[in-house]
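**Student:** Got a structure for you, written out below as structure tokens; questions coming shortly.
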Amino acid sequence: QVLLQLDPFLNELTSMFEKSKEKGSVWVTLKRSSLKSKVQKRKLSSAGESIEYRCLIRATDGKKTVSTSVGAKDHQRFQASYATILKAHMTALKKRERKDRKKSTEAEKKEGTSTTKSKKL
């Protein structure tokens, strides 16, 4: 699997979101990785060296998969760009139905008084 640089990955992610706008989904997974095999990790730990962990990010739309690796120094920049992309392309989500608070509290008060009167009778 080929790891892309940050900017090409974000461009591909944007194009995936645009292609799946009418129908489809995009799955993004993040996980901690050192990008080293178990044997290499054991050698480093036995030598007393610290292992630098990175964030491995994969995105797929079911047909195409892209991935990148983000280090600690690039994390802030990536997170800001990723958040911007998500905000721009989450237009298909349904808005939450909000009830008018004043009307609902008045209705509850009226219902509360009528139920307490009926219980007393």
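The values are calculated or read from the model by the stated rules, or taken from the named source; none is laboratory data. Here the structure is a predicted model, which is why all the values come from computation and not from measurement. All Cβ positions, even for glycine, are placed from backbone atoms using ideal geometry, and neighbour counts span all protein chains on display. Surface accessibility is based on the protein's heavy atoms, side chains included, excluding ligands, DNA and RNA. Shrake-Rupley method; radii C 1.70, N 1.55, O 1.52, S 1.80 Å.
**Student:** Quick check on region 49-65. Is at least one of its residues of a type outside the set (K, R), at pLDDT below 75 and touching a helix residue (DSSP H, G or I) at 6+ places or on another chain (Cβ under 7 Å)? Steps first, answer last, please.
**Tutor:** Start the filter on region 49-65 by keeping residues that are of a type outside the set (K, R), which leaves 49-53, 55-57, 59-62, 65.
From what's left, at pLDDT below 75: 49-51.
Those still in the list that are touching a helix residue (DSSP H, G or I) at 6+ places or on another chain (Cβ under 7 Å) too: 51.
The answer is yes, given that some residue of region 49-65 is of a type outside the set (K, R), at pLDDT below 75 and touching a helix residue (DSSP H, G or I) at 6+ places or on another chain (Cβ under 7 Å).
**Student:** Still on this structure, please answer the following. List pairs: first in region 1-23 and more than 19 Å from H89 (Cα to Cα), second among the hydrophobic types (A, V, I, L, M, F, W, C) and open to solvent by 80 Å² or more (accessible area, probe 1.4 Å), Cβ under 9 Å, 6+ apart or cross-chain?
**Tutor:** Sorted first by the residue in region 1-23, then by its partner, the pairs are L3/L35.
**Student:** Out of curiosity, is K36 in a loop (DSSP other than H, G, I, E, B) and open to solvent by 80 Å² or more (accessible area, probe 1.4 Å)? Explain how you work it out, then say what you get.
**Tutor:** Values: in a loop (DSSP other than H, G, I, E, B): yes; open to solvent by 80 Å² or more (accessible area, probe 1.4 Å): yes.
Taking the combined requirement at face value, the residue satisfies it.
**Student:** Can you confirm whether region 71-83 contains a residue that is in a strand (DSSP E or B), at pLDDT 90 or above, buried (at least 16 other Cβ atoms within 10 Å of the Cβ) and hydrophobic (A, V, I, L, M, F, W, C)?
**Tutor:** No, there is no match, as no residue in region 71-83 is in a strand (DSSP E or B), at pLDDT 90 or above, buried (at least 16 other Cβ atoms within 10 Å of the Cβ) and hydrophobic (A, V, I, L, M, F, W, C).
**Student:** I would also like to ask the following. Taking region 44-70 only, how many residues are surrounded by 12 or more Cβ atoms within 10 Å (Cβ to Cβ) and over 28 Å from the mean Cα position of the chain (by Cα)?
**Tutor:** Looking only at that region, the number is 1.
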